[in-house]
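What follows is a short report on a single structure.
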Amino acid sequence: MNYTKLKKSNFEVSTIGLGTNTVGGHNLFQNVNERDGKDFVREALNLGVTFIDTADIYGLGRSEELVGEVLKEFNRDDLVIATKGSQNFTNLDDVKTDNRPEYLREAVEKSLQRLQLDYVDLYYLHFPDNVTPFAESIGELARLKEEGKIRSIGISNVSLEQLKEANVHGDISVLQSPYSMLDRSAEEALLPYTIENEISFIPYGPLAFGLLGGGFTKESKLEAGDWRQSVPLFQGEQFIQTLDKVEQLKEFAVSKETTLPNLALAWLLAQKGVDAVIPGGKRKERIRENVQASDIRFTREELSLIDDILNK
Ligand SMILES: NC(=O)c1ccc[n+]([C@@H]2O[C@H](COP(=O)([O-])OP(=O)(O)OC[C@H]3O[C@@H](n4cnc5c(N)ncnc54)[C@H](OP(=O)(O)O)[C@@H]3O)[C@@H](O)[C@H]2O)c1
């Protein structure tokens, strides 16, 4: 496993981290098995993964609780725990994005309780509410940082303009945005801004939410209640065309004596500005395979051949 420093922080993360929206994520996926979820986290930590990504909304607090239970088996000081908040789920019938300082403070306290931690290393504003000025929401996170409840501030699901506004005082250490071989839109503006402004870019959906796992066929159907039904890559003609590209990438992976998911993760890590990846998964076999991406390197020619496939 390789490790790298998160920008504007003095702590290191494993370049292969772990996404945990399936761990207790009953509101996002059908038939989530909590024991498998805990095994998935435990296996990652045993393999040298030190960067765990969760959020309060995953399973409405359940992901944080399960992650917290596993963390107790390990040395907390060796780990970098990231969580996110902004989805006010106090009223389950009416989940609202809420960036008010008083709500964020309450959300941080609740996350710490569920995770059974005194502090989190990274706290993301999960979604902008498009009402509360960033001076107020990020200002409150900066105060929580001063108080030692969070060690660094991240933001997710923002446009370039929003990121600039949120980072006006240079408070943002990490941007989490969609980025994968199959969705390179971040390269247009967000990624360059993070490179210029000393912000770590952590892609979410690094395996295109499973499409770059290689197990989908044209006949595959997502279960009812699977949040990915709202993702364009999984819809209609785009899904069919994407699978053709996935087949070519699979062949390329074989020629490089690796697997498609490892190719996809290593390719992201080869992009300037990307400091770590946080692939998700439902079972421990997934992370056992994914940690191997940490050691894969590309020649310039290989990156250019991959570009040819992706640009077709
Ligand atoms: N900030 C945000 O708004 C936001 C949004 C989405 C996600 N996230 C975070 O980003 C993390 C990663 O994104 P993601 O989990 O949605 O998508 P992802 O990592 O792109 O894809 C995860 C899917 O890929 C499959 N997979 C993983 N490893 C595999 C392997 N070696 N071989 C074959 N298939 C494999 C898993 O399938 P199985 O389920 O079958 O194991 C899993 O469902 C999340 O867990 C979450 O922490 C953040």
Qualifying GluC sites (Glu not before Pro) for the stretch 7-74 [loop in DSSP, other Cβ within 10 Å: at most 10]: none
Set of lysines with alpha-carbon distance to residue 250 below 25 Å, sequence-local pairs under 8 removed: 218, 221, 272, 282, 284, 312
Extension gain from residue 113 to residue 248, taking 0.36 nm per residue of separation minus the Cα-Cα distance: 44.0 nm
Reciprocal mean inverse distance between Cα atoms of the chain - Kirkwood radius, Å: 19.7 Å
Computed label-point distance, nm, for sites residue 237 and residue 311 using a 7 Å Cα→Cβ extension: 2.4 nm
Cβ-based net charge around residue 153, under 12 Å, with every Lys or Arg adding one and every Asp or Glu removing one: +3
Shape of the stretch 267-312, Cα gyration tensor, a/c cut at 1.5: prolate
GNM result for the chain, Cα springs below 10 Å: residue of 277, 246, 95 fluctuating most strongly: 95
Sparsely packed trypsin sites (Lys or Arg not before Pro) within the stretch 1-101, loop by DSSP, other Cβ within 10 Å at most 16: 8, 72
Furthest towards positive pole of dipole, 59, 274, 17, structure part the chain, Cβ charges: 17
Candidates per GluC sites (Glu not before Pro) in the stretch 185-266, loop by DSSP, up to 15 other Cβ within 10 Å: 188, 198, 219, 223, 257
Charge dipole magnitude, Cβ of K and R +1, D and E -1 - the chain, Cα centre, debye nearest 20: 420 debye
Neighbourhood charge, 9 Å Cβ-Cβ cut-off, centred on residue 176 and excluding it, Lys, Arg +1 and Asp, Glu -1: 0
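No value in this document is a laboratory result; all are computed from the given coordinates. This one's a predicted model, so the numbers in the text were calculated from it and none came from an experiment. A quick note on method: Cβ atoms are made from the backbone with ideal geometry, for glycine too, and the neighbour counts reach across all protein chains shown.
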